[in-house]
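Some notes on the structure that comes next.
The values are calculated or read from the model by the stated rules, or taken from the named source; none is laboratory data. The structure presented is a predicted model; accordingly, all values stated were derived computationally and were not measured. Backbone-built Cβ (ideal geometry, glycine too); neighbour counts: all protein chains shown. What goes into the accessible areas is simple: the full protein's heavy atoms, side chains included, and nothing from ligands, DNA or RNA. Shrake-Rupley method; radii C 1.70, N 1.55, O 1.52, S 1.80 Å.
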Amino acid sequence: MGVLLRVERSLWSRGLTHVAGVDEVGVGPLAGPVLAAAVIVPEGIKLRGVDDSKKLTPARREDLAAKIRACALAVGIGIVEVDEIDRLNIYRAALEAMRRAVTALPRVPDHVVVDARCIPGISVPQTALIGGDSRCYSVAAASIVAKVARDHLMREIDGRYPQYGFCENMGYGTPQHLAAIERYGPSPVHRRSFAPVRELRLPGM
């Protein structure tokens, strides 16, 4: 925990008390939105177990996401839906999701730490930290909140389109998911700009 807070402590020592970590999830899936979270944690936070969301079990992520939301000074969520992903391309859509997450924060942060990239369209000073979700506490917290929030959305979408198995694959291109697209054609939440969806579309779809 101490190592993960090194970036925040350096910024806090300069009087930048509201440091927002930002991360996105959902770049790779064939369906569903790309979603980002921005999280500002308080100085002296003592919540243990926060790490890159990919290293945690689903149950642990759910538990930590609730605790992060309870103790955070602010949380912002940014969502870019499928039609925008297809229009913008996924790289730009992910950046837009992160911009929306920062602007959704109920308070303006003093500094933003982003996993690997810089966010266009915000006036707040920012640091792009490669591997930020495993090197910075706030970014790791954002990765957890984002992952859990998107998983919840995909479970809701699964209720509308159960034939694709979104509750299990979260929109990723598993063999079962690809077979379902081939059988039923793409749903309204599939990303038409992604090659596997284009190539498996049924005639007339």
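Net length available on complete extension from THR127 to SER193 is 20.7 nm, with 0.36 nm assigned per residue and the Cα-Cα distance removed.
Mean residue ellipticity, 222 nm, helices only, the chain: the sum of -39500 (n - 2.57) across DSSP H runs of n ≥ 4, divided by residue count and rounded to 500, is -13000 deg cm²/dmol. Relative to the longest principal axis of the Cα atoms of the chain, helix 137-160 runs at roughly 30 degrees. Loop-located trypsin sites (Lys or Arg not before Pro) across the stretch 1-97 with a Cβ neighbour count of 14 or fewer within 10 Å are ARG14, LYS46, ARG48, with loop assigned by DSSP. With a bin width of 5 angstrom, please list the P(r) values of the stretch 118-205 as percents of all Cα-Cα pairs, from the 0 bin to the one holding the largest distance. Per 5 Å bin, starting at 0, the Cα pair percentages come out as 3, 13, 18, 16, 13, 12, 13, 9, 4, 1.
Computed extension length for GLU81-LEU16: 20.1 nm, one decimal, from 0.36 nm per residue of separation with the Cα-Cα distance subtracted.
Simple spin-label estimate for ARG183 and LYS46 gives 5.2 nm between the two label positions (7 Å along the Cα-to-Cβ direction from each Cα). In this structure the amide hydrogen of ALA31, modeled in the peptide plane, comes within under 5 Å of the amide hydrogens of ARG191, none closer than 5 places in sequence on its chain. Considering the zone a paramagnetic label at ASP63 would reach in this model (a point 7 Å from Cα along the Cα-to-Cβ line), which residues of the stretch 118-157 have amide N under 17 Å from it? The answer is 141, 144-145, 148. Each residue of the stretch 70-79 is assigned a 3J(HN,Hα), and the resulting list reads 6, 9, 5, 6, 6, 9, x, 10, x, 10 Hz, derived from the Karplus form 6.51 cos²θ - 1.76 cosθ + 1.60 (θ = phi - 60°), x at Gly and Pro.
In whole percent, and with a 1.4 Å probe on the protein chains, what portion of the accessible area of the stretch 110-205 is carbon and sulfur?
Details: 2400 of 4410 Å².
C and S atoms contribute 54 percent here.
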